[in-house]
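None of the figures in this text is laboratory data; all of them are computed from the coordinates on show. Being a predicted model, the structure only gives us computed values, none of them experimental. Neighbour counts are summed over all protein chains in view; Cβ atoms, including those assigned to glycine, are modelled from backbone coordinates with ideal geometry.
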């Protein structure tokens, strides 16, 4: 890999965006100045999110292909925007890397993964920053979206009696992480047997998550969701976040949780409890949302091929967050990821 300057690389990124014939609506000036310029649109609100990825805390270099890291950096921010019911429009990506990483093809591959996902959802890269770090890679992803004025879906809108839904399936990402920790890695060739295929699918669920962009838009624009959050820290933590903001409680039916079939099959045979992974495993990036009972019949069966499952109901705050598992009912304490919590 020949040496190139920071300015050369910025020109490379700018050239990618200039391949598109026109500026995105509302974008006055993109990469090339000290700041991007975005025009304010009447009757629209801007939604902003930021996510930080730190090597050996949020990912490991030896198990994360750079293109998948670029994909994930954007995906987790797109998931946040989806959780507000907004449409993602613009992104800023800042990275800090050691010199040896800068001198390799790692950064180019990272941006390839980023752009591949950005192109799918018509998100424009409008800026960011580059820096050198002593040892570890640091990535900061910022995404701006927009929605109709005062129509963003917040965590604080759930009311007693609302039905609780989740998109997709749960536990897959956490299972993939456990497999990576046990030495499994992404394979370039197709898996030879069913177990190997399942392992690869779970690893990819962790390394290359799919944000539920389509569901976020449907739930926000119809509107259907009264409150919403993406499952990044884990269902147990995120349902507690939503209930705290809404000043409500919830009752979850364990039998209805859409546990990833691969988790139930593969991990059940590897001393990994599928229910624990579904409740406390983070980074599924599914959407957890509440719906007024009168609007439940308006919910589509699927969006972009992804189904939803009713998993519970919102209760009075005094009932806190509980799980019903057969005849047993127990309180669900936050047990997901906490950067500064105990190991």
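Taking the longest Cα principal axis of the chain as reference, the axis of helix 6-18 is set at about 70 degrees. Remark: 318, 141 ranked as 318, 141, counting other beta-carbon atoms within 10 Å and listing the fewest first.
Based on Cα contacts under 8 Å between residues 6+ apart, the chain shows a relative contact order of 21 percent.
Students often get this wrong: which residues of segment 126-153 have the backbone nitrogen under 18 Å from the point 7 angstrom along Cα-to-C-beta of residue 104? The answer is 131-139, whose backbone nitrogens lie closer than 18 Å to the label point. For a distance above 32 Å, tell me the whole-number percent of Cα pairs in the chain that qualify. Tail fraction, whole percent: 33.
Rounded to the nearest 500, the 222 nm mean residue ellipticity of the chain from helices alone is -9500 deg cm²/dmol, with -39,500 (n - 2.57) taken per DSSP H run of at least 4 residues. With neighbours defined as other Cβ atoms within 10 Å of a residue's Cβ, the residues 215, 102 order from fewest to most as 102, 215. Figure legend: label point modelled 7 angstrom from the Cα of residue 129 along Cα→Cβ; residues of segment 74-114 with amide N under 16 Å from it are 92-98.
Between helix 106-120 and the chain there is an angle of about 60 degrees, using the helix long axis and the longest principal axis of the Cα atoms. Mean separation of Cα pairs under 8 Å and 6 or more residues apart, divided by the residue count, gives segment 163-331 a relative contact order of 41 percent. Computed over the chain with a Gaussian network model linking Cα atoms closer than 10 Å, the most mobile of 280, 206, 149 is 149. Most fluctuating residue of 140, 103, 190 in a GNM of the chain with Cα springs under 10 Å: which is it? Residue with maximal mean-square fluctuation among 140, 103, 190: 190.
Once the Cα atoms are used to define both axes, helix 66-82 deviates from the longest principal axis of the chain by about 50 degrees. Peptides 208-214, 158-164, 81-87, ordered by how many other C-beta atoms sit within 10 Å of their residues on average, highest first, read 81-87, 208-214, 158-164. Taking the chain as a Gaussian network of alpha-carbon nodes connected by springs under 10 Å, the highest mean-square fluctuation of the residues 152, 227, 264 belongs to 264.
Compute the whole-percent fraction of alpha carbon pairs in segment 163-331 spaced more than 22 Å apart.
For segment 163-331, the fraction of Cα-Cα distances above 22 Å is 44 percent.
Send over the Kirkwood Rh of segment 124-177, from the inverse of the averaged 1/r over different Cα pairs, rounded to one decimal Å. Computed over segment 124-177, the radius equals 16.8 Å. Counted residue by residue at 0.36 nm each, then reduced by the alpha carbon distance between them, the extension gain from residue 12 to residue 265 reaches 86.6 nm.
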